[in-house]
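Notes to accompany the following structure.
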Amino acid sequence: MDRDTRVFAESHFRGLRGRLPGRVCPKLDRVDFIEKPDAFSYADFFKGYLLPNLPCVFSSAFTEDWGSRRLWVTPGGKPNFDYLLQNYGDLVVPVANCGVQEYNSNPKEHMPLRDYISYWKEYIQGNYSSPRGCLYLKDWHLCRDSSAEDVFTLPVYFSSDWLNEYWDVLDVDDYRFVYMGPSGTWSPFHADIFRSFSWSVNICGRKKWFFFPPGQEEFLRDSRGGLPYDVTSPTLLDGHLHARLDLCNPPLEVTQEAGEMVFVPSGWHHQVHNLEDTISINHNWVNGCNLANMWHFLQQELCAVQREIIEWRDTMSDWHRHCQVMMKSCSGINFKDFYHFLKVIAERRLRFLAEGVDPGQVGGSKVCGLGPQQAAFDVGRIAEVLECVVAHADFQRVDTSAFSPQPEELLQQLEEVMAATVSL
């Protein structure tokens, strides 16, 4: 990040005056297509799409040197089953059944990749049908299970990735995924975890995306308040069940070709269908631009838990602590974890600014090349959100006695560094 981009970004957030970033967006009739890597800078993406929280599609030229596009694909553009079997066949992968609805998702099982590829071949030979159903390999942590060397190169536009930076430090998880499936596999209507950004590259095949800007999903709720499972289903047209449907704008539709890269903004609900046999690489990521969205999402999750067990508030000892435990079970994170997330990223930025140590060289993280302007911007974003966290009544009920530093101490450190880096 250069200084002009940092000044632009800080002015943007001051102008929001505490409102959530990206909640109000202009009415779009198309998604921008970015064709030439040489003519599109990090600052262009940051100012044009990341800050305003708008989707875009990058051409296949941005990924043409990826090893996966060369090795995982046959000369005819189909999945290279032989290569995948030889290199990853014994790895166990998660597989969802697209033909079975389980709440607003699909049930999953685990199997060796070689068994899934065997199923996939049989599915193709059966004219894209099988008594086993329509199975989709989803959320495979290839980077965690195996070396990702020469598989892909992280695009610079997505390099400020706190979520994977954090999990790399802890060395227990990540949000880097591979998806594989035959034509007809799909992902139901959803918004990404923690209201993260995501990016998705088709290594081979084609996808159809349906995008809804933040807030439009509210018009799709049914009479019980539930969101749809499938926005292409005829049941969505039932005016008795979906009384507010006429207030919803039509979705933005995108057909993603092989090699192309889709940027999915924070809080945009979407549904995705594979139009051909398709392999994709996807990352979820959070940074200073959508950190406030993540914090807002976590507050909503806690409120949902509290509503579910409100009747036991006066009779259950430690009711607030139980709410945090249940929240973590449902969402994978609670307020204590969120503070730890902020602390890890904050301390790495503070160390970088104090000592010139790139966060990519600290604690084994794969993140690199942030630069001092990006680090200073990050410090300001963490400070603004941490101030809200510290003031939140439910966070004040969390036992922070073992926290080091204490949240108020960390906030003071961040504010001091903010003051010192104004003229950086």
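Numbers for the structure displayed
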read-out	value
Qualifying residue in the range 141-149 (condition: surrounded by fewer than 16 Cβ atoms within 10 Å (Cβ to Cβ), within 22 Å of M294 (Cβ to Cβ) and hydrophobic (A, V, I, L, M, F, W, C))	no
Search result, residues across the range 108-126 that are loosely packed, with under 13 Cβ neighbours inside 10 Å and either farther than 21 Å from D82 by Cα or not assigned by the TED database to the domain that holds F189 (or both)	E109
Unmet requirement for A258, which otherwise passes all of (1) of a type in the set (A, V, I, L, M); (2) outside the structural domain of F58 (by the TED database); (3) open to solvent by 10 Å² or more (accessible area, probe 1.4 Å)	(2)
Residue list for the range 186-245, filter: in a loop (DSSP other than H, G, I, E, B), open to solvent by 60 Å² or more (accessible area, probe 1.4 Å) and farther than 24 Å from P155 by Cα	R221, S223, R224, T232, D238, H240, A243, R244
Qualifying residue in the range 75-85 (condition: farther than 28 Å from G259 by Cβ, more than 24 Å from the chain's Cα centre (by Cα) and either exposed (fewer than 15 other Cβ atoms within 10 Å of the Cβ) or modelled with pLDDT of 95 or more (or both))	no
Strands (runs of 3 or more DSSP E) wholly inside the range 44-155 containing at least 3 residues that are out of contact with any Gly (no Cβ under 8 Å at 6 or more places or on another chain) and over 17 Å from S200 (Cβ atoms)	92-97, 108-112
Meets criteria (open to solvent by less than 40 Å² (accessible area, probe 1.4 Å) and of a type in the set (S, T, N, Q)) for N249	no
Residue in the range 58-81 that is assigned by the TED database to the domain that holds G133 and over 30 Å from L142 (Cβ atoms) present	no
Hits in the range 371-399 (condition: part of a loop (DSSP other than H, G, I, E, B) and in contact with a helix residue (DSSP H, G or I) (Cβ under 6 Å, 6 or more places away or on another chain))	R397, V398
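The values are calculated or read from the model by the stated rules, or taken from the named source; none is laboratory data. Bear in mind the structure is a predicted one, so any value in this text is a computation, not a measurement. A quick note on method: Cβ atoms are made from the backbone with ideal geometry, for glycine too, and the neighbour counts reach across all protein chains shown. Note: areas computed on protein heavy atoms with side chains; ligands, DNA, RNA excluded. Shrake-Rupley method; radii C 1.70, N 1.55, O 1.52, S 1.80 Å.
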